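K.L.:
I'd like to ask some things about the structure below.
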Amino acid sequence: MLTTMRNNIRRRRESLDLTLRHLSELTGDHWTKIARWERGENTPPIDAALRLARALHCSVHDLFPDGCE
């Protein structure tokens, strides 16, 4: 499950040509925290997942399909 979550965050960010630092500016989360989420080292809390989805122009389900069942 963590691999799916990690890959979807990174895949979506890269498809929009965003750097970690730019995504960090959009969400208000430190870029190292976002990098840990992408690698699957941590899972973002729901408020952070909502910020990510908003910044990446997608739904939380798009980012975390296995976590929304």
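K.L.:
Where does the Debye-calculated log10 I(q)/I(0) of the chain sit at q = 0.22, 0.24, 0.27 Å⁻¹, using only Cα point scatterers of equal weight, no solvent?
P.N.:
Rounded to two decimals, the profile gives -0.86, -1.05, -1.39.
K.L.:
Ignoring any ligand, DNA or RNA, what whole percent of the accessible area of the chain comes from carbon and sulfur when the probe is 1.4 angstrom?
P.N.:
The computed percentage sits at 50.
K.L.:
Could you give the dipole magnitude of segment 18-69 about its Cα centre, charging the beta-carbon of Lys and Arg +1 and that of Asp and Glu -1, in debye to the nearest 20?
P.N.:
Around 220 debye, computed over segment 18-69.
K.L.:
Suppose only helical runs count, i.e. DSSP H with n ≥ 4. What mean residue ellipticity at 222 nm does that imply for the chain under -39500 (n - 2.57) per run, divided by all residues and rounded to the nearest 500 deg cm²/dmol?
P.N.:
Theoretical 222 nm ellipticity from helices: -18500 deg cm²/dmol.
The values are calculated or read from the model by the stated rules, or taken from the named source; none is laboratory data. This one's a predicted model, so the numbers in the text were calculated from it and none came from an experiment. Quick reminder, even Gly has a Cβ in these numbers, built from the backbone with ideal geometry, and neighbours come from all protein chains shown. The protein model used for the area step is the full one, side chains on, heavy atoms only, and it has no ligands, DNA or RNA in it. Shrake-Rupley method; radii C 1.70, N 1.55, O 1.52, S 1.80 Å.
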